C-alpha cells in the first residue's frame, strides 16, 4: 500500500542546515552550567543556559547559585525571587530551592521558604511557572534527572499564610521514573483569560515500560489534582500496546545504544494534519550537530540539545536551548512507534506536539526552497527620547544611554523582529549586575507642518517558545519631537 506521504506534491520546506552559522545572535545574560558527560544520556558534555539575576540576599558560603529569577506567583504587584542552589560540599545532592520575599513593614528582603526537589543539582535541569490548577496562580515546575538518569518532575504550589503576609511553597506532585513525564495542557476559555472564571487543572501523564512485557507494551498512568488533599493523585492506569513489535529492525533499534537511537532519528519529519488546518509543521533532527529544528513555511526555531536521555527502549527525553535566544528552552518526550513514525510531546507547546512521519530526502530535495527567517538586526530608533518624567534615553545603536536624574546607565542594544513584532534587548555594560531586559516595542508617529512626534512604548516581558508573555508592569513610554522649518523646505 502506498504511504500517504508519498502522494505529497507541494510542501513548503525550509533550509535546515544553514541556520546555526549565519545568524547574528542577540545578547541575553545567561548562566552556563556545565555538567560532565554521561554514558547514559549524551555523547558530549551538557550545558544548560538559565536566567541569572543578582540575588537580593547574600548566598550562604556553602552554596553555589545556579539560577535566580523574579516572578509573581499570586498575581500581586510584588515579585518573589526564586533561587536554585547547589551544595559545594556534595555537588550531587538534590537541587535546593529558596524563595526571597519582601517584608513591607520592615522594608527589607528575607528568606521566606526553602526546600529541595528530586532533580540532582549536578545534572541538567529546567524550571517553569505555569497555572496548572486553573486558579490564576502560578505553580513552580522543576524538571531534571536524578543521578541514575531517570527524569524527575516536582510541582510546587504557593500556600497562603494567615494575614496574607509572606509566602511558602508546598510540593503537590513529585515523581522520578525511567520513562516519560508530560503535562496535558488544553486551551482555556475566554472567561479564564479575563480573570472572571477558574478552570480545571491539567492532568500529568507518565509512561514507563510494562515490567510484564517490556518490549511490547507500556504502562500509562494519569494523575489529577484533588482539591480535598491538595495533591496530585493517580486516578487511572492502563496498558498500551506498542506498534510493529514484530519488526526485526525496530527490535534492533530498541535493543541498541543511545547513539544509534539518535542516528535513527536523523533527518526530516512531517507532522500529521490532525486538525485539518492544511498546515504541516516539520521538525528536522541533526544528530551529529545535536540540533532539532521546528519549522513551518512562516518561521523556524533551531535548538541544540543539552540533554538526550534514553528513558525507555523506544523513547527519549530531551532538553534543548534556542540557538538564537539563549533563555528559551524546550523540553520534549519523543517516542518511536514504527520505523517511520514518532510521537512528540513538547512541554507547553501543543502546536508542535503530535505524530510525525519520516520524510524521504528525495521529497525534501525536490520541494526545498532557499529561504531563511533568522532574527536579523533591524534599524532601531535613533536620537534622544524623553520619558514621562523628563528623563532621557539616547539611542545610538549598538549603544543606548538611559539618563535617570543624575544617574546614567549604558547598555549594549539589539533591535530585532520575531513573529512579526519588534523587540529591543538591553544588556548593561560591564561593571553592573543589572539583568538583561527584553522589551516588546510599539511605535507611532504624528506629523504636522512644523514637527514630527515619534512615540515608543516599551513593554518588558519574556519570549517563550512561540509567544510573547508580558511582565504585566507599566510600560515605558518615550517621545521624541523633531522640528523642521517650512520656509527652507527641510522636513524629515
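Return a yes/no flag: does segment 293-305 have any residue that is modelled with pLDDT of 85 or more, surrounded by fewer than 21 Cβ atoms within 10 Å (Cβ to Cβ) and under 30 Å from residue 214 (Cα atoms). The answer is no; no qualifying residue exists. Selection of strands (runs of 3 or more DSSP E) fully inside segment 438-486 by the criterion of at least 2 residues being modelled with pLDDT under 75 returns 451-463, 468-470.
Scan (1) surrounded by 16 or more Cβ atoms within 10 Å (Cβ to Cβ); (2) on the phi > 0 side of the Ramachandran plot for the single condition residue 136 breaks and write down its number. With (1) surrounded by 16 or more Cβ atoms within 10 Å (Cβ to Cβ); (2) on the phi > 0 side of the Ramachandran plot applied to residue 136, the lone miss is (1).
In segment 124-135, the residue that is nearest to the chain's Cα centre (by Cα) out of those that are farther than 22 Å from residue 472 by Cα and not in a strand (DSSP E or B) is 125. Looking across segment 188-212 at every residue that is out of contact with any helix residue (DSSP H, G or I) (no Cβ under 6 Å at 6 or more places or on another chain), assigned to a loop (DSSP other than H, G, I, E, B) and touching a residue at least 12 places away in the same chain (Cβ under 8 Å), the one that is nearest to residue 253 (Cα to Cα) is identified as 210. Contact annotation: residue pairs with Cβ atoms under 9 Å, 6 or more positions apart or on different chains, pairing a residue in segment 227-242 that is free of Cβ contacts under 8 Å to residues at least 12 places away in the same chain with a partner that is not in a strand (DSSP E or B), are 227/133; 227/201. Among the residues of segment 136-157, is there at least one that is in contact with a strand residue (DSSP E or B) (Cβ under 8 Å, 6 or more places away or on another chain), in contact (Cβ under 8 Å) with a residue 12 or more places away in the chain, in a strand (DSSP E or B) and more than 19 Å from residue 330 (Cα to Cα)? Yes, that holds for at least one residue.
Taking the criterion of being under 30 Å from residue 254 (Cα atoms) and in contact with a strand residue (DSSP E or B) (Cβ under 7 Å, 6 or more places away or on another chain), the residues of segment 213-235 that qualify are 216, 217, 218, 219, 220, 221, 222, 223, 234, 235.
Across segment 402-431, which residue is nearest to the chain's Cα centre (by Cα) among those that are closer than 28 Å to residue 469 by Cβ and surrounded by fewer than 15 Cβ atoms within 10 Å (Cβ to Cβ)? Among those residues, the one meeting the criterion is 419. Residue count for segment 158-170, restricted to those that are surrounded by 17 or more Cβ atoms within 10 Å (Cβ to Cβ) and either touching a helix residue (DSSP H, G or I) at 6+ places or on another chain (Cβ under 7 Å) or not in a loop (DSSP other than H, G, I, E, B) (or both): 2.
Scanning segment 336-379 for residues that are modelled with pLDDT of 75 or more and under 30 Å from residue 441 (Cβ atoms) gives 346, 347, 349, 350, 351, 352, 379. Flag: residue 233 matches the condition of being over 24 Å from the mean Cα position of the chain (by Cα) and either in a strand (DSSP E or B) or modelled with pLDDT of 85 or more (or both).
Considering every residue within segment 246-267, establish whether at least one is in contact with a strand residue (DSSP E or B) (Cβ under 6 Å, 6 or more places away or on another chain) and modelled with pLDDT under 85. No: zero hits. Restricting 329, 314, 333 to residues that are surrounded by 21 or more Cβ atoms within 10 Å (Cβ to Cβ) and at pLDDT below 80 narrows the list to 329.
Hey, any hits in segment 192-201 for a residue that's closer than 17 Å to residue 140 by Cβ, touching a strand residue (DSSP E or B) at 6+ places or on another chain (Cβ under 9 Å) and modelled with pLDDT of 80 or more? Yes, segment 192-201 has at least one match.
Per-residue answers, yes or no, for (1) surrounded by fewer than 19 Cβ atoms within 10 Å (Cβ to Cβ); (2) closer than 26 Å to residue 204 by Cα:
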{"site": "89", "(1), (2)": "yes, no"}
{"site": "105", "(1), (2)": "yes, no"}
{"site": "129", "(1), (2)": "yes, yes"}
{"site": "173", "(1), (2)": "no, yes"}
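Among the residues examined, residue 70 qualifies as within 22 Å of residue 469 (Cβ to Cβ) and touching a strand residue (DSSP E or B) at 6+ places or on another chain (Cβ under 8 Å).
The values are calculated or read from the model by the stated rules, or taken from the named source; none is laboratory data. Since the model is a prediction, treat every value here as computed from it, not as a measurement. Methodologically, a virtual Cβ is constructed for each residue, glycine included, from the backbone with ideal geometry; neighbour enumeration extends over all protein chains shown.
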